[in-house]
Amino acid sequence: MESDSFGRRILSRLKGTFIQWLGLFVAALVLVTLARTLFFTEKGVCSAVVSFSYDGVEQGLNPDGNRFDPSEMKSEELVRQAAQAVGVTLEGEDAERVREALIVAGAIPEDALERMLTNTSIYGEDEIAETEEVKESAYFPSQYTVTFRYQDAGLSPKQGAEFLTALLDAYGASFYKTYGHNEAMELIWSDMDYQAYDYVDAVEILRNRLSSIRAYVARLSDRDKARFVSKETGYSFSDLVGAIDVIRSEDLQWLDAYITSNNMTKDKDNLIDYYRYKIQDAERALAQQDARLFTLNELIESYNKTSAIFPNVAGATEDGSLPSYEYTQPSAMYDSLVSQKIACQTDMSETSEQIALFTRRIERLQESQPTGNFEVVETRLGAVYEKINLLLQDIRLTADEFFKTEELKRAVQTLEEPEVPSLWSISAVMGAAKDIIITEALLFGVYILCVLNSVFAPSRKKRRGADSAREDGERATAAAQ
């Protein structure tokens, strides 16, 4: 019964003041939201969040190993491409004004920011250690917020959102084109008229270009952790490396041997001059290698490894003295010098072999005439050149599929797409009302506590009065006795 009485009293108190509280809550919510939306919401701005995910981004590097520059997202070329895509005409200094209205800011987590702020000085008792701490605390963002003040650029809200979307799309396409395979392959290989060269020159050019292509494919193979196999060509990168090696070791090697053994040349005097130039070039390299070897020998002879002499406590000699042994501490510098010396000697040996080879070829050209079949050489050269072009097509297709499906498919992603800004959009109103809703919820909680206190306070007071009267009665009875 008492609980029912308390419940009725709580409902009675709430019924009396709840309507007033609810009215004040709604009025405050409307007024504060309206004020914040009108006077404190940033107008004329839309933004998007771009995320980068590839090897090296955490070190602030591009996929090619060079320094990553986030300002490339608003380059003049990309700005003009985006403007053309959305039908916006940029004249005169319009492009620069649009670029100034674009702000690219990296998102740095709080823990990374705290690490950077705690290492403010690199000068002190242990400068090297503190410098390393600063290096370790450096943070390179993998997410960037791109903000576009479209009003400053003279665009409408719809144009601003469409332009920013087109800009990020253009950047993604540019990123893939730059760090995908196509541009690299174009730099390594371009069409050549092999018939314009002498046979020896044509074979050497093909061999050198194949070496560059092999190095490129081998790098892709090293980056391929899952042994990617192209669905279009059926090849993996290791397969393509093997195909390149076959052309180099079989086709080009056969041509080289046939041409040199039969003195095949279009111009004997010109080829002799070419070999003489190669000999002179090799002799200059040999002189440089010899000087380097001399320097390395001097450094090795003058370099003393750190050593220490320890007594042998295991036993004494016949004369009573303690024998000793010398311990030499390993040195990375000394070992490096020895490795460089061995490499230099190997290079000198190879250079000397080249000089001897070109000398023998000159002697053969001077002593005899061509004995081979020119038609065979022309046919085999054409076949090798066509085989290389077909292989390059497979490399392009395989690398293109690899970048699209494995390597760069998630390299650049727009996490938050730009939207058409609206002052009265649901997100804008909710953002403005969020704080006042939380505040009102807290105040309502305080109000409920006050109501409960007003209901229970009289009961507590009445109970304390009854207890006091009982104690007074007991004292009076005790006194009368």
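No lab work stands behind these numbers, since they all come straight from the coordinates. Remember, predicted model here, so these are calculated numbers, not experimental data. Here the Cβ is made from the backbone with ideal geometry for all residues, glycine too, and neighbour counts use every protein chain on show.
General observations
- Whole-Hz Karplus values for segment 241-250 come out as 4, x, 5, 5, 4, 5, 4, 5, 7, 9 Hz, taken residue by residue from phi with 6.51 cos²θ - 1.76 cosθ + 1.60 and θ = phi - 60°; glycine and proline positions read x.
- Going from the fewest other Cβ atoms within 10 Å to the most, the residues D267, D394 appear in the order D267, D394.
- Couplings for segment 150-160, taken from phi via the Karplus curve 6.51 cos²θ - 1.76 cosθ + 1.60 with θ = phi - 60°, read 5, 5, 5, 8, x, 10, 7, x, 5, 5, x Hz in order; Gly and Pro are left as x.
- K341, K268 arranged by Cβ crowding within 10 Å, fewest neighbours leading: K268, K341
- Whole-Hz Karplus values for segment 386-402 come out as 5, 5, 5, 4, 5, 5, 4, 5, 5, 5, 4, 5, 5, 5, 4, 5, 4 Hz, taken residue by residue from phi with 6.51 cos²θ - 1.76 cosθ + 1.60 and θ = phi - 60°; glycine and proline positions read x.
- Under 5 Å from the amide H of A101 lies no amide H of any residue 5 or more positions distant or on a separate chain, with H modelled from the backbone and absent for Pro and chain starts.
- Remark: S230, S156 ranked as S156, S230, counting other beta-carbon atoms within 10 Å and listing the fewest first.
- A cut-off of 5 Å between modelled amide H atoms, ignoring neighbours fewer than 5 places along the same chain, links Y235 with S230.
- Under-5 Å amide H pairs with E416, H placed in peptide plane, nonlocal only: V49
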